[in-house]
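The values are calculated or read from the model by the stated rules, or taken from the named source; none is laboratory data. For clarity, every value in this text was computed on a predicted model and none was experimentally measured. Counting neighbours? That spans all protein chains shown, and the Cβs are built from the backbone with ideal geometry, glycine included.
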Amino acid sequence: MKVLLATKNKGKIKEMNALFRDLKIEFIGLDSIKEPPDVIEDGKTYHDNALKKAMTFYRIALIPTLAEDSGLEVDALNGAPGVFSARIAGEGASDREKIKKLLELLRDVPDEKRTARFVSVLCLVLDGKPYFFEGHVRGHLLRKPSGESGFGYDPIFVPEGYKKSFAALGPKTKNRISHRARAIEKLKEFLKERLARQ
Ligand code: ITT
């Protein structure tokens, strides 16, 4: 089965490819589309944004299309940045700038109140119909970045039950327990059933 992976985030592409290694799915990237449009992520929810991204590219490519919207919800910020996680430091800001901005917002928040969760919502459009899969992971946020792997807020997010950040734990551990891994687990169950019926 060929699936268009509708994301421009290289970190996500790498993780998705690793997480789908055991299924017979060939991912095609957005570089296969001539002049891919920029999708404005103006939805109020992850579901709205994931649907908009998946549907936009499905209508162009007309093959099964997978998109994801994800974010980091910080308890001390009442769930922010959430759907704005990619734009917390303005459009086009680097991961380093985003982390810096978040750490500034959390400067006066004590260690025991620095709890947060990552959320991943996948939208798969198959034959024009959307299917959603959701995953979460809880953890807490460090005061300064640590570790080199992953992307986004990985250097400051320590998952529950661990002492190191996702970036320090490395891809093997992250891909077992992350929000994305959990959402993809559900999507895989769905696809296995579908592929068995074909
Ligand atoms: P696409 O829309 O092209 O998929 P994006 O980077 O804009 O790429 P999102 O709109 O879903 O993706 O933004 C989610 C942001 O949340 C992302 O840019 C990261 O900063 C952060 N994020 C999501 N998942 C993460 C993870 O596994 N590790 C670290 N940060 C993550």
V119, sole failed condition from (1) over 24 Å from N17 (Cβ atoms); (2) outside any helix (DSSP H, G or I); (3) modelled with pLDDT of 95 or more: (1)
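Quick check, is G135 under 20 Å from E68 (Cα atoms), within 11 Å of the ligand (Cβ to nearest atom) and modelled with pLDDT under 95?
It is false that G135 is under 20 Å from E68 (Cα atoms), within 11 Å of the ligand (Cβ to nearest atom) and modelled with pLDDT under 95.
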Tally up the residues in the range 7-48 that are without any contact (Cβ under 8 Å) to a residue 40 or more places away in the chain and either of a type in the set (A, V, I, L, M) or buried (at least 19 other Cβ atoms within 10 Å of the Cβ) (or both), please. 6
Complete set of residues in the range 116-155 that are of a type in the set (F, W, Y) and either buried (at least 21 other Cβ atoms within 10 Å of the Cβ) or under 18 Å from N9 (Cα atoms) (or both): F118, F133, F151, Y153
Would you pick out the residues in the range 90-139 that are closer than 23 Å to H179 by Cα and among the basic types (K, R)? R96, K98, K100, K101, K113, R114, R117, R138
Qualifying position, being modelled with pLDDT of 95 or more, of a type in the set (A, V, I, L, M) and over 18 Å from K174 (Cα atoms), among L142, L105: L105
